[in-house]
Structures are given as structure tokens and as C-alpha cells.
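Undergrad: Pasting in a structure now, in C-alpha cells, and then I'll have a few things to ask.
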């Protein structure tokens, strides 16, 4: 199967043919216990193609930045997706839907943490994923170590890594957190640190799974603005639909299917009417 330069095609039918190894998956550090085998597709992760741009294959056909084809996926005993098809070239995507709709499963499929039974996934890599529970991601005793770990692992000097962490924290209004130990943080502050730790690794695709649910209103707006200013293509799953009004596209999932996809004004209005309707 063709693997365009800035994208990673995962053909799960041939999954067992892919070599396994350290650092596989083409993703930034998600730093959670592995839920599925790592994989390595061989696709380049050093592309300079900017998020939001449209790429083309050898025949001049546009390549969606994100595409899932005929996805069948199960979590435990529950069949979440049965032939899901989804594609988007939007840069900032909001993901909405009731609990159990498949939002978290979709994000884990894009990251590679869940292996579908059938189908293929295309997404720009590296991918950074922030979970709802920050305690599943924080590893280090200090905030500064938490933010600089990924950089120093890739060979960035400690002084430069610390400078980048200080600059990012300053732009997010979180400079005071750099002086703290992670056990001193509130739940909202831990979430903020997890988001910063993924952003500093400069992912091509940023996945946020209810990541703002522990933040106060000011911090939620600040972090929404921050991820919108990031060059990464962003997919934000949230029940806080007011944060998505300026996004490029909204995807509404319901019972493992795309209920509606389109402009925020159209989809959010329809979703809010559905939520407020009879049970």
C-alpha cells in the first residue's frame, strides 16, 4: 500500500507483517501503559508539510490528512465500530457525542493504542495524545522534568530543553508551575502540564481526549487558544461544545457512527437540539 511522505498508512490486515521495535508507532510520547503492540510503518515523520495543507499522490489525487476506512474495532466485549468510514482535511476538528459514542476509541485508533479488527487508518505523524486523567500520563517528580523529558530523549541539551519549557509555559501563563513538584499540583494543573508536555514535542497531529474537563473556564479558553495557535492538526473530544465554535469542523459520533460532520454552526446547533430533545 502506498505511503505518502508526510502520512502513515496502517493497513491492519497486514499488521503482523510490520516490524516491531523500540519507539515504533511514529508518535510523540503518550506516556501511558501500552494498550496495544507498538508498530512501525516505515513512513517518514520528518515531513515539512504544514498542518492544514492538502497533499497529493503520484496521480494528482488529494490525500485526506485523516482517514479511517472500513474500521471494525472492539473494546472488551463491546463492538464500538462496525465499518466506520471517516475522512477530514480540516486543521481544527471538534469531536462530540454522548458517552459511549466511540470518541475515545477513535482517538486511540489514530494514536495506534488500539488495534482494529479490520480496516486502515491514515494520519499525519508524529501523533500526541492527551488523556482525560492526567495521573495516567505524569511520570516525573517535577514539572520541569516532565516537560523536558521528550526533548532530552531526542538529543536536545538540558539548557535548551529548559529554555523551551520556560518559553512554552510563559506563553500559556503557566510559568509558576515550573517551580512545583508534580505531587503538589491540582487536578487541573496536572492536566495543563500533560498538554504542555505533548505540545513541546511538536506533534504533527494533536489528540485531546476530554483533556479540558479538569480545567477552569479561564484555563480552558487559554488552552483552546494555545492548541489553535499550534501548527499541529488538532482533534479535540469534548462535552464543552462552547470551546468548538471557532473550530474548522465538527464530527458528531453516535453509537459508533458519524451522525453528522460539517461546520460548527450547523453541527453544534443540531447536536444541542438533539441533546435537549425527549429522552
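Undergrad: Which residue, of 168, 178, is surrounded by 14 or more Cβ atoms within 10 Å (Cβ to Cβ) and in contact with a strand residue (DSSP E or B) (Cβ under 9 Å, 6 or more places away or on another chain)?
TA: 178
Undergrad: Which residue is modelled with the highest pLDDT, if the candidates are limited to the stretch 221-247 and must be out of contact with any helix residue (DSSP H, G or I) (no Cβ under 8 Å at 6 or more places or on another chain) and more than 21 Å from residue 105 (Cβ to Cβ)?
TA: Filtering first and then ranking leaves 242.
Undergrad: Given the conditions (1) surrounded by fewer than 22 Cβ atoms within 10 Å (Cβ to Cβ); (2) touching a strand residue (DSSP E or B) at 6+ places or on another chain (Cβ under 8 Å); (3) farther than 19 Å from residue 188 by Cβ, report the number of the one that residue 153 does not fulfil.
TA: (2)
Undergrad: I would also like to ask the following. For the subset of the stretch 211-254 comprising residues that are touching a strand residue (DSSP E or B) at 6+ places or on another chain (Cβ under 6 Å) and assigned to a loop (DSSP other than H, G, I, E, B), which member is nearest to residue 143 (Cα to Cα)?
TA: Checked the stretch 211-254; the qualifying residue nearest to residue 143 (Cα to Cα) is 211.
Undergrad: In the stretch 174-203, which residues are on the phi > 0 side of the Ramachandran plot and outside any loop (DSSP other than H, G, I, E, B)?
TA: Once the filter is applied, which keeps residues that are on the phi > 0 side of the Ramachandran plot and outside any loop (DSSP other than H, G, I, E, B), the stretch 174-203 yields nothing.
Undergrad: Could I ask something else about it? Quick one: would you say residue 193 is under 16 Å from the mean Cα position of the chain (by Cα), at pLDDT 90 or above and either within 11 Å of residue 134 (Cα to Cα) or surrounded by fewer than 20 Cβ atoms within 10 Å (Cβ to Cβ) (or both)?
TA: Answer is yes for this residue.
Undergrad: Quick check, is residue 65 surrounded by 22 or more Cβ atoms within 10 Å (Cβ to Cβ), more than 12 Å from residue 251 (Cβ to Cβ) and over 17 Å from the mean Cα position of the chain (by Cα)?
TA: Taking the combined requirement at face value, the residue does not satisfy it.
Undergrad: Yes or no: residue 116 crowded, with 19+ Cβ neighbours inside 10 Å and more than 26 Å from residue 218 (Cα to Cα)?
TA: So residue 116 fits the description; yes.
Undergrad: Using the structure shown, decide if residue 134 is over 25 Å from residue 224 (Cβ atoms) and either at pLDDT below 95 or out of contact with any helix residue (DSSP H, G or I) (no Cβ under 9 Å at 6 or more places or on another chain) (or both).
TA: Taking the combined requirement at face value, the residue does not satisfy it.
Undergrad: With respect to residue 205, is the statement that it is more than 25 Å from residue 126 (Cα to Cα) and in contact with a strand residue (DSSP E or B) (Cβ under 7 Å, 6 or more places away or on another chain) true?
TA: No.
The values are calculated or read from the model by the stated rules, or taken from the named source; none is laboratory data. On a predicted model such as this, the values are computed, not experimentally measured, just so you know. Quick reminder, even Gly has a Cβ in these numbers, built from the backbone with ideal geometry, and neighbours come from all protein chains shown.
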